[in-house]
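Have a look at the structure below before the remarks.
The values are calculated or read from the model by the stated rules, or taken from the named source; none is laboratory data. Everything quoted here is computed from the prediction, not taken from an experiment. All Cβ positions, even for glycine, are placed from backbone atoms using ideal geometry, and neighbour counts span all protein chains on display. In case anyone asks, the SASA skips ligands and DNA or RNA and just uses the protein heavy atoms, side chains included. Shrake-Rupley method; radii C 1.70, N 1.55, O 1.52, S 1.80 Å.
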Amino acid sequence: MARSASRGYRLAAALILPVMRASTRRSWRGGEHLPTTGFIAVSNHVSNFDPLTLAHFLYEHGAPPRFLAKDSLFEIPLLGRAIRGLGQIPVERGTAQAGHALTAAEAALAAGECVVIFPEGTHTRDPHLWPMVGRTGAARLALRTGAPVVPIAQWGAHRVVPRYSASFRPFPPKEVTVVAAPPVDLADLSADDGDAIRVATARIMTAVTDQLAEIRGEAPPARPYDMRLDGDPRASFDAARAARRAARRARRARRQALRQRVLGRTPPGPAVAAGRSRVKTDRVTADDEGTAHVRPHVQGQ
C-alpha cells in the first residue's frame, strides 16, 4: 500500500530535514525490514532528539510516522498545534480517555500508515542509557490488530540533545545510528491473554535491546532498569538543577545589592556634579564571597 505524506507533513519535512542533515552524520541500516502495509515501529528513548532522528529515518524510507505522544506535548503553544496538524496521536495517560489513542492508532494502521511507539514511555533512567522495562501499549496494539512490530534501535541522538535537557548541540555534526530489525514474532500470542501481552512486551523490548547492543558493541545489563524497583533518578537530577539555578540567581542578586550599596554610600564632594559623574562610571564588582571591589574610572579608559 503506497503511503503519501500530507502537504503539511511535506512542508514540515522541508523545514526540519536541512537541520537534521546539518547536525547529524547518519548511519542507517535495515530499511528493507519496513513493511509496505501498516506497521508499528518501536524504539529506545534516550533524548528529546530521538523522535526527530527516528522520524527522519522513517520518512526517508517512505513511512511518514504518526507518533503516540503524551498529551502534555499537545498543550504547548505552537508545538501542540503543529504536531496535531501533522496527525500525531495524543495519549491521555491515567484517564478514561487513554484508550482513544489505541483506537486512533488502529485506524492509522488499517489505512496502511506507520505508527510509532516508545515502549518505555519516557526517557530511559538506566545510568548507562540502556532500554528500561517496557509498557504494554505496543504489545496490546499489535495483538489487537495483527500489525507487524518493527524494532528500531538508535544511538547518538543524545549527543545532539543530552538526556533530560533541551540544550541543542548541532556542531560539529554527531554520528547517529538507526537500525531496523525484522518484525518481532508474536504469531503464537493472543490479545485475550494477559500473560501473552506481558510476553509480547518482553519480546519487543528484548529485540530493541539486542539491536542496540549490536550498535554499541557492548553487552546490555542482565536485567533491564525498572523504575518501580530501582527508583527514578530524574527527580534528584531535577532537584540538583533547580538548586544550581537558585544559587546562580542568589549570586546575581547579591552582586546587584552590593553594587547599589557601594554606589549609594559614595560621599558627595565639593564638586557634586563631578562626584556624580564618577559614581556613574566607577566599576563595581563582587566576588562569590560577597566582597565588593570598586575600580575607579580613569580618564581616557
**Item:** Sorted largest first, extent of region 135-233 alpha carbons per principal axis (Å)
**Value:** 49, 32, 26
**Complete:** Cβ-Cβ cut-off under 13 Å around A157, Lys and Arg +1, Asp and Glu -1: the net charge is +4
**Asked** When only C-alpha pairs under 8 Å and at least 6 residues apart count, what is the relative contact order of region 12-158, in percent?
**Response** 38
**Request:** Provide the net charge surrounding A180, with neighbours chosen by a C-beta distance below 11 Å and charges set as Lys +1, Arg +1, Asp -1, Glu -1.
**Result:** 0
**Added length on full extension, which subtracts the Cα-Cα distance from 0.36 nm per residue, A243 to D185** = 16.1 nm
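For every other residue with a beta carbon closer than 12 angstrom to the beta carbon of V46, add +1 if it is Lys or Arg and -1 if Asp or Glu, then tell me the sum.
Local net charge: +1.
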**Prompt:** At what distance in angstrom do the alpha carbon centres of region 98-138 and region 3-39 lie from each other?
**Reply:** 19
**Item:** Nonlocal amide H pairs with T24, under 5 Å, H built at 1.01 Å
**Value:** K174
**Complete:** So for region 22-148, using the alpha carbon gyration tensor with a ≥ b ≥ c as root eigenvalues (a/c under 1.5 gives rounded; past that, a/b versus b/c decides prolate or oblate), I'd call it rounded
**Asked** Taking amide hydrogens as modeled 1.01 Å from N in the peptide plane, which residues meet the under 5 Å criterion relative to G30, leaving out close sequence neighbours?
**Response** A180
**Message:** Let's see if you can work this out: charge +1 on each Lys and Arg Cβ, -1 on each Asp and Glu Cβ, no other charges. What is the dipole magnitude of region 38-184 about its Cα centre, in debye to the nearest 20?
**Reply:** 220
**Asked** With every protein chain present, what is the per residue accessible area of region 145-250 (1.4 Å probe, Å²)?
**Response** 53
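Fully extended, how many nm does the chain gain between A22 and A250 (0.36 nm per residue separation, minus their Cα-Cα distance)?
Net length gain for the segment: 78.2 nm.
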**Prompt:** What is region 118-172 by shape, rounded, prolate or oblate, if you read a ≥ b ≥ c off the alpha carbon gyration tensor as root eigenvalues and call it rounded for a/c under 1.5, prolate for a/b larger than b/c, and oblate otherwise?
**Reply:** prolate
**Fill in**
Sorted on mean Cβ neighbours within 10 Å (highest first), peptides 198-206, 170-178 come out as 198-206, 170-178
**Cβ-Cβ FRET estimate between T206 and R144, R0 fixed at 25 Å, reported to 0.05** = 0.75
